[in-house]
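To start, the structure under review is shown below, and the notes come after it.
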Amino acid sequence: MNKLRSIMAYFSTMYPHKSELSKARLTKLVYLADWFSALLNNQKMSEINWIFNHYGPYVDDIFELASIDNDFAITPEKTPYGDDKHVILYTGEDISLILSEKEKAILDAIINKTKTMYFNEFINYVYSTYPISSNERYAKLDLLALAKKYKEEQSQSS
């Protein structure tokens with residue numbers, strides 16, 4: 001089981017509001033996992049090359065993996081505003097994840113921080129992260145370099 005699959009399965013299994021795990025939210029949760037890991041461990045959890053596209057940090061990797069992996073189910077639903085969304089859930093029985101305790105702690109912290117956020121609040125939170133707030137749309141996000149720069153800026157302002 002690769003790391004991205006494990007991150008997705010963990011979020012899907014542990015997130016308390018399963019119906020909120022849309023393609024957009026799950027993608028941004030994985031982004032937060034990579035960003036927090038870059039800050040805390042000087043490495044990302046996944047191998048994703050993040051792009052700041054029109055809708056924030058986004059890649060197709062998460063949806064594509066869920067589409068081809070039989071242990072994930074993608075359910076089309078409607079948002080309260082009538083827009084289409086795709087909820088991604090892990091349906092596999094084997095949850096033998098290849099995540100370290102440090103990685104699980106990061107994922108748990110992200111879940112605890114975001115589980116009470118409605119979608120717009122969640123999006124605002126993601127947009128407030130340094131890689132997004134300090135870059136222009138369509139930029140490639142080198143999270144490791146951005147984490148280093150962020151920590152340098154924080155130490156200079158202290």
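No lab work stands behind these numbers, since they all come straight from the coordinates. All values reported here derive from a predicted model rather than from experimental measurement. In this analysis, Cβ positions are derived from the backbone assuming ideal geometry, glycine residues included, and neighbour counts consider all displayed protein chains.
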Neighbours of V126 by Cβ distance under 15 Å: Lys/Arg at +1, Asp/Glu at -1, summed charge +3
Set the Förster distance to 30 Å, then compute FRET efficiency between A139 and K18 from the Cβ-Cβ distance, nearest 0.05. 0.40
At a threshold of 8 angstrom on Cα-Cα distance, excluding pairs fewer than six apart, so keeping six or more, what relative contact order does the chain reach in percent? 33 percent
Obtain the nm distance between the two label points defined at Y55 and Y118 by a simple spin-label model: each point lies 7 Å from its Cα along the Cα-to-C-beta direction. 1.9 nm
Rounded to the nearest 10, the angle in degrees between the Cα long axis of helix 143-157 and the longest principal axis of the Cα atoms of the chain comes to 40 degrees
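With n ≥ 4 as the cut-off for DSSP H runs, can you work out [θ] at 222 nm for the chain, using -39500 (n - 2.57) per run divided by the number of residues, rounded to the nearest 500?
Working: 7 runs with 81 residues, N = 158.
Rounded to the nearest 500, the figure is -16000 deg cm²/dmol.
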Gained length - L40 relative to S128, 0.36 nm times residue gap less alpha-carbon distance: 29.9 nm
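Fewest Cβ neighbours within 10 Å first, please rank V30, V87 accordingly.
By the 10 Å Cβ count, ascending, the order reads V87, V30.
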Two-decimal ratio, the chain, of alpha-carbon radius of gyration to 2.2 N^0.38 Å: 1.02
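Neighbouring Cβ atoms within 10 Å as the yardstick, rank Y10, Y130, Y138 fewest first.
Fewest-to-most ranking of Y10, Y130, Y138: Y138, Y130, Y10.
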